[in-house]
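Visitor: Input: one structure, supplied below.
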Amino acid sequence: MTQTNQGFDTLAVHAGTEPDPATGARQVPIYQSTSYVFRDADHAARLFNLEEVGYIYSRLTNPTVGALAARVAALEGAVGGIGCSSGHAAQIMALFPLMGPGCNVVASSRLYGGTITQFSQTIRRFGWSAKFVDTDDLDAVRAAIDDDTRALFCETIANPGGYVTDLDAMARIAEDAGIPLIVDNTTATPYLCRPIDHGATLVVHSATKYLTGNGTVTGGIVVDSGKFDWSASDRFPSLSQPEPAYHGLNFHGALGPMAFTFHSIAVGLRDLGMTMNPQGAHYTLMGIETLGLRMERHVANAKAVAEWLEKDPRVEAVTFAGLPSSPWAERAQRIVPKGAGALFTVAVKGGYDACVKLVDSLELLSHVANLGDTRSLIIHPASTTHRQLDEAQQIAAGAAPNVVRISIGIENVEDIIADLDQALTKATA
Ligand SMILES: Cc1ncc(COP(=O)(O)O)c(C=O)c1O
């Protein structure tokens, strides 16, 4: 049985799993099964009534996906988790039990571009909306929250700029307003930061990135601290009042700290179907086993590359929060003391054209729309990941047209620097 007081690397290898009870298999099998045989009709009824925990149908729960959700929950200090089909699905799944038509989420203006589009455009089809604020302006965050606000949303280390959010300040504002703080911890991972320790209620991940770590899976996870009192107000009726979508069950009353997790499975996954597949969950479990080791190398390499770039006359600015010159250096020490991640932007002298030439001249760094891979990756956000945003939104998100985003991998750092060096020469010739 896994102990939650074990160290990070022990939990990363063991949490959520035991030798397979049927075969003794030491590694978590890929349970590639859609359904599970009920012992008898009473067993089936108990499972459907949530009186007994077990497996019914893999859109709801699957042993491999369940092992992954439990492992991420253990690493994040959460009580439960839900495996989802992507990071974007995890964001919708996090909001789903909280929101209803007319409700809004107050979100940081510094987010992954796809999230800004999801929140500013797509969720409006559900009758939900988002208000974007600079989370360094705490008065603006407070002022944006109104009676219809159901959550505050931010990223620990924001994509693309590597900006570090003051999670403690966000959590205090959320607590005063009686709403949960949702933190996208994709780029920090629980190795660098556990948002629940800073007061977050829900943590979401794109497992596509560092958790899996090698660019093989599209997946997402939501975990719940279990600490939010859903019944303290009438704002979260799906959790605190009889849920019509689940024969009138009061999830908070019946399941206490597991209310959000069970609602997300029994109603969210059941009806939205944003389910993670068992093979993807297996790869992510494999990736997490080495998460601590990889993150150590990612942050050491990122620091060395950022320091080198900052001194280079061909470079205008580097946004890595681990640099002493960063306006967020002090905050980074508090929020991500083991390292400010491995994702940042670089403003290249020569602007847009130089950025495009740089991307085309690299040989070791891959030009892809991904981050958090063992390989070093680069992209020009303004023309790709942040393309759907207008220029003001791009600048607010840290994705101005004259910057490239770099995700530093775990290769030998001198090789990363050598590749950037030769490409910068061509880009700024
Ligand atoms: C910080 C962050 N959150 C969420 C997502 C969405 O994740 P996915 O691509 O797995 O849907 C991304 C994707 O790049 C991301 O960078």
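Visitor: For L377, are the conditions met, namely being under 19 Å from G162 (Cβ atoms), modelled with pLDDT under 90 and of a type in the set (A, V, I, L, M)?
Guide: For L377, the condition - under 19 Å from G162 (Cβ atoms), modelled with pLDDT under 90 and of a type in the set (A, V, I, L, M) - is not met.
Per-residue answers, yes or no, for (1) in contact (Cβ under 8 Å) with a residue 60 or more places away in the chain; (2) over 24 Å from A200 (Cα atoms):
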position: T218; (1), (2): yes, yes
position: I221; (1), (2): yes, no
position: F228; (1), (2): no, no
position: R235; (1), (2): yes, no
position: S238; (1), (2): yes, no
position: P244; (1), (2): no, yes
position: P257; (1), (2): yes, no
position: T261; (1), (2): yes, no
position: G268; (1), (2): yes, no
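Visitor: Would you tally the residues in segment 248-275 being within 18 Å of V53 (Cβ to Cβ) and either among the acidic types (D, E) or at pLDDT below 95 (or both)?
Guide: Result for segment 248-275: 0.
Visitor: Going through segment 369-407 one residue at a time, which ones are more than 14 Å from Y352 (Cα to Cα), of a type in the set (A, V, I, L, M, F, W, C) and away from the ligand (no atom under 15 Å from the Cβ)?
Guide: A392, A396
Conditions tested, residue by residue: (1) touching a Pro at 6+ places or on another chain (Cβ under 7 Å); (2) crowded, with 18+ Cβ neighbours inside 10 Å.
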position	(1), (2)
T187	no, yes
P190	no, yes
K209	no, yes
D229	no, no
L239	yes, yes
H247	no, no
F251	no, yes
P257	no, no
F260	yes, yes
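Visitor: Only one of (1) touching a Ser or Thr at 6+ places or on another chain (Cβ under 9 Å); (2) hydrophobic (A, V, I, L, M, F, W, C); (3) surrounded by 21 or more Cβ atoms within 10 Å (Cβ to Cβ) fails for V79. Which number is that?
Guide: The failed condition is (3).
Visitor: Also: Out of the residues in segment 344-368 that are farther than 26 Å from R294 by Cβ and among the hydrophobic types (A, V, I, L, M, F, W, C), state the one that is farthest from the ligand (Cβ to nearest atom).
Guide: Ranking the candidates gives A354 first.
Visitor: Can T156 be described as among the hydroxyl-bearing types (S, T, Y), within 16 Å of the ligand (Cβ to nearest atom) and surrounded by 21 or more Cβ atoms within 10 Å (Cβ to Cβ)?
Guide: Judged against the criteria, T156 is a match.
The values are calculated or read from the model by the stated rules, or taken from the named source; none is laboratory data. Source: prediction; values computed, not measured. All Cβ positions, even for glycine, are placed from backbone atoms using ideal geometry, and neighbour counts span all protein chains on display.
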